[in-house]
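Have a look at the structure below, then the notes.
The values are calculated or read from the model by the stated rules, or taken from the named source; none is laboratory data. It should be emphasised that the depicted structure is a prediction, and the values quoted were computed from it without experimental measurement. So basically every Cβ, Gly included, is an ideal-geometry build from the backbone, and we count neighbours across all protein chains shown. Surface areas here come from the heavy atoms of the whole protein model, side chains and all, with no ligands, DNA or RNA. Shrake-Rupley method; radii C 1.70, N 1.55, O 1.52, S 1.80 Å.
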Amino acid sequence: MRAVFQHSGYGYSLVVTDPEIEDEYFDKKNGKYELEDAIVCISLAELFYGHAFKLAAAIFTEDRCEGAS
């Protein structure tokens with residue numbers, strides 16, 4: 001599962017590691033699903049053969065933030 005988005009003219013396609021998003025979207029058919037006004041928390045994975053890869057560690061949407069304090 002990947003988070004695909006653009007920021008400042010650059011395209012990104014990052015592996016999603018957010019367990020709640022994984023649970024929600026793995027049950028759906030393969031395809032692309034758009035999230036409006038999402039905020040993505042990007043993290044770096046541990047080094048893999050000398051390279052560090054960016055991950056979509058958490059994806060915040062209005063629905064997920066309702067009731068949070």
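Dividing the summed -39500 (n - 2.57) terms of all DSSP H runs of n ≥ 4 by the residue count of the chain sets its mean residue ellipticity at 222 nm at -4000 deg cm²/dmol. Near Ser13, once Lys and Arg are set to +1 and Asp and Glu to -1 for all other residues with Cβ below 13 Å from its Cβ, the sum equals +3.
Given their separation in residues at 0.36 nm each and the Cα-Cα distance between them, Val4 and Glu36 gain 10.3 nm when the chain is fully extended. Here the chain is treated with +1 on each Lys and Arg Cβ and -1 on each Asp and Glu Cβ, and its dipole about the Cα centre works out to around 440 debye. With each label modelled as a point 7 angstrom along the Cα→C-beta vector, the Lys29-His51 pair spans 3.3 nm.
Does the stretch 1-58 classify as rounded, prolate or oblate by the C-alpha gyration tensor (a ≥ b ≥ c root eigenvalues; a/c under 1.5 gives rounded; else a/b over b/c gives prolate, otherwise oblate)?
Note, shape of the stretch 1-58 comes out oblate.
Note on the chain: with neighbouring protein chains present and a 1.4 Å probe, carbon and sulfur make up 52 percent of its accessible heavy-atom surface.
Compute the length gained on full extension between Leu44 and Phe60: take 0.36 nm times their separation in residues and subtract their Cα-Cα distance, giving the result in nm to one decimal.
Additional length available on full extension: 4.0 nm.
Accessible surface calculations at 1.4 Å, restricted to protein heavy atoms, place the chain at 87 Å² per residue. For the chain, GluC sites (Glu not before Pro) are listed when DSSP marks them as loop and at most 13 other Cβ atoms sit within 10 Å of their Cβ; the list is Glu34, Glu36, Glu46, Glu66. Toward the positive end of the charge dipole of the chain, with +1 on the Cβ of Lys and Arg and -1 on the Cβ of Asp and Glu, the farthest Cα among Phe5, Ala38, Thr61 is that of Phe5.
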